[in-house]
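Down below is the structure, laid out as structure tokens.
The values are calculated or read from the model by the stated rules, or taken from the named source; none is laboratory data. Note that this is a predicted model, so its numbers are computed, not measured. Glycine gets a Cβ as well: all are built from the backbone with ideal geometry, and neighbour counts include every protein chain shown.
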Amino acid sequence: MSKRIVEGIDVEASSGNVFADLELPDADKLQIKSGLTVEIAKAICERGLTQAEAAKQMGLTQPKVSSLLRGEFSNFSERKLMDCLNRLGYDIEIRVRETAEPIGHLVLTHA
């Protein structure tokens, strides 16, 4: 990451993964889960669903949807979050490719 000083404050550019920047364990998984959560929130908003309607469609309880929309995704597996998106009418494509680096990364992209 590159560093610079802005108005007397040391500023460090993000790697693109805030969880890795904070040196949290399982940073790639956290980024995937947060990205899936953002997509779920966008889908609910775009469809004009209430939390109760979204809960019914995703097979969750309304309190769990409320927690999810507040960014509390740690109790959800990646698979459950993907299932929620499927139930909201989204296809999910997983692509595996070789990397030039010794260890690969999990990346969430959306169309």
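Remarks
- When Tyr90 is tested against (1) at pLDDT 95 or above; (2) closer than 17 Å to Leu108 by Cβ; (3) touching a helix residue (DSSP H, G or I) at 6+ places or on another chain (Cβ under 7 Å), just one condition goes unmet, and that condition is (1).
- Residue-level check: of (1) aliphatic (A, V, I, L, M); (2) part of a helix (DSSP H, G or I); (3) loosely packed, with under 12 Cβ neighbours inside 10 Å, Val11 misses just (2).
- Enumeration of residues in region 4-38 that are in contact with a Phe, Trp or Tyr (Cβ under 6 Å, 6 or more places away or on another chain) and at pLDDT below 85: Ala27
- Inter-residue pairs, beta-carbon under 6 Å, first closer than 15 Å to Glu78 by Cβ and in region 22-36, second modelled with pLDDT under 80 and aliphatic (A, V, I, L, M), 6+ apart: Ala27/Ala20; Asp28/Leu106; Ile32/Leu106; Ile32/Leu108; Gly35/Leu108
- Here Lys56 fulfils each of the conditions (1) over 16 Å from the mean Cα position of the chain (by Cα); (2) modelled with pLDDT under 95 apart from (2).
- Screening Met1 on (1) surrounded by fewer than 10 Cβ atoms within 10 Å (Cβ to Cβ); (2) modelled with pLDDT of 90 or more shows it passes everything except condition (2).
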